[in-house]
Amino acid sequence: MIPRPAPAPQDVAAEAAAWATVLVRRHLVHAMVGLPTGGWLVQHEPHGPVRLLDGPADVLGLAAAIQRRLRAARPESR
């Protein structure tokens, strides 16, 4: 197997921003705001606490966790 090169940091940041937009538009989180430091503020519910994610990799991890939760909750259609 040929190893894939690691994505450039700006690619990871762009992917994280895209996922943040999707998560908010689909109402899977209430709000996500990128910070100039590279971190992200996340609020799951309108009056809930605000969490700080350290960077774009954490945003991608959150998106993956939400996807796993949604897939596990839906009935199998096969």
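The helix-based estimate of mean residue ellipticity at 222 nm for the chain, built from -39,500 (n - 2.57) per DSSP H run of four or more residues and divided by its residue count, is -15000 deg cm²/dmol to the nearest 500.
Each residue of the stretch 15-21 was assigned a 3J(HN,Hα) from its phi angle through the Karplus expression (A = 6.51, B = -1.76, C = 1.60, θ = phi - 60°), giving 5, 4, 5, 5, 5, 4, 4 Hz with x at Gly and Pro. The modelled label-to-label distance between ALA18 and HIS47, using points 7 Å beyond Cα along the C-beta direction, is 3.7 nm. Quick check: net charge around ALA16, other residues with Cβ under 12 Å of its Cβ, Lys/Arg +1 and Asp/Glu -1? Local net charge: -4. Here's how it looks for HIS30: its modeled amide H is under 5 Å from those of GLN43, HIS44, GLU45, which are all 5 or more places away or on a different chain. Stretching the chain fully between ASP58 and HIS27 yields a gain of 9.3 nm (0.36 nm per residue, less the alpha carbon separation). Qualifying trypsin sites (Lys or Arg not before Pro) in the stretch 1-69, where qualification requires a DSSP coil assignment and no more than 12 other C-beta atoms within 10 Å, comprise ARG26. Rg then Dmax, both in Å and based on the Cα atoms of the chain: 14.4, 48.
No value in this document is a laboratory result; all are computed from the given coordinates. Note that the coordinates shown come from a computational prediction; the quantities given were computed from them, not determined experimentally. Note: ideal-geometry Cβ built from the backbone for every residue, glycine included; neighbour counts use all protein chains shown.
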